[in-house]
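For reference, the structure is listed below as structure tokens.
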Amino acid sequence: MSVKKLEIQLQTLGPFFRVTAESLETENELGRAEGLIRVWLKGRVLLLNSIRLKRETLGMERSIFGIGLFTGAAAVRYRYDCGCKTAELLTINDSDLYHTKLVRFYKRIGGSTLCMKSSTMEDLG
């Protein structure tokens, strides 16, 4: 599968935001990024709670991080538009391979603070 026509859309409701990537060819959502803007002592902070890609992206000719790059870039742009000096990403370390790639990807798109959580049963207790 190859996506040549992609629509990126930003939706906001109060401090919450969602960036979606949709294929204009299939009209399917391919990925989304969600988070919120919070006011903190040192100014506004963008909290990026998740970047999720659909399984449909696995069959694409390009890397799955291509769609993640577009959604992440839109979130970073929104960060600057809102006057945020800092961005934080909540990452779940459920796979060393993807966690490492996610952290590296996030640093490339401007993340300066990382909130890392593991997904073990001990964390639930």
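Every read-out reported here was derived from the displayed coordinates using simple, explicitly stated rules and does not represent laboratory data. A quick note: this is a predicted structure, and the numbers were derived from the prediction, not measured. Cβ placement follows ideal geometry from the backbone for every residue including glycine, while neighbour counts extend to all protein chains displayed.
Here the label points at Glu25 and Lys5, each 7 Å from Cα along the C-beta direction, are separated by 1.1 nm in the simple model.
Taking amide H as placed 1.01 Å from N in the peptide plane, Lys85 has its amide H under 5 Å from the amide H of Arg44, each at least 5 places away in sequence or on another chain. Placing R0 at 30 angstrom, the Cβ-Cβ distance between Cys82 and Lys107 gives a FRET efficiency of 0.90 after rounding to 0.05.
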